[in-house]
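This report concerns only the one structure given below.
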Amino acid sequence: MIRDEMRSTYGEGVEWEVMKGFHAVPSMHHLHLHVISSDYVSPSLKNKKHWNSFNPTHRFFLHIKDVMGWLDLTEATLTERIHSASQSEPLLKDAMKCWKCSAIPANIPKLKEHLQMHFDREIAKQKRKRKHEIDLTVEDDEAVEDGVIPKKIQKQE
């Protein structure tokens with residue numbers, strides 16, 4: 001569903017990471033998993049606390065892969081990890097830092113502008129790559145039609 005929306009908005013072959021994880025200190029009483037698009041240019045991102053709680057390089061956001069890895073730990077180590085994570089609340093007061101380049105924007109509007117710049121560059125890069133791949137495919141088809149690449153070789157691929 002998320003990937004379909006990415007493709008319908010930006011075209012085939014354009015995708016970006018979707019983060020899945022937990023907050024080190026839960027924001028609700030029941031267990032819940034956060035699923036968030038890595039563009040981070042959402043109207044829901046309203047303040048420094050929100051950013052610091054979802055920044056994937058900040059220790060407050062616990063990636064699901066890491067948490068799943070905790071299941072293989074000894075009980076003592078697991079207890080230590082959980083205790084350490086529960087002490088992470090002060091991280092929400094840290095300065096906002098870009099997860100791509102470590103820039104420190106002054107406020108949320110500047111952060112969103114900065115993140116949008118990274119996102120736009122990534123989309124443009126993926127579109128160029130996709131266009132290049134399509135161009136190569138067209139060139140290969142034309143080369144086969146023109147006899148530059150023998151059909152026998154083309155069938156082996």
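The values are calculated or read from the model by the stated rules, or taken from the named source; none is laboratory data. Please read these numbers as outputs of a predicted model, since none were measured by experiment. Virtual Cβ from ideal backbone geometry, glycine too; neighbours counted across all protein chains shown. Side chains are part of the model used for accessible areas, which takes the heavy atoms of the whole protein and leaves out ligands, DNA and RNA. Shrake-Rupley method; radii C 1.70, N 1.55, O 1.52, S 1.80 Å.
What the table shows:
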quantity: Matching residues in region 91-118 - criterion: being in a helix (DSSP H, G or I), open to solvent by less than 100 Å² (accessible area, probe 1.4 Å) and at pLDDT 90 or above; calculated: LEU92, ILE108, PRO109, LEU111, LYS112, HIS114, LEU115, GLN116, MET117, HIS118
quantity: All helices (runs of 4 or more DSSP H) inside region 1-79 with 1 or more residues being among the hydroxyl-bearing types (Ser, Thr, Tyr), open to solvent by 40 Å² or more (accessible area, probe 1.4 Å) and modelled with pLDDT of 85 or more; calculated: none
quantity: Some residue of region 137-156 being over 22 Å from HIS32 (Cβ atoms), at pLDDT 90 or above, hydrophobic (A, V, I, L, M, F, W, C) and open to solvent by 90 Å² or more (accessible area, probe 1.4 Å); calculated: no
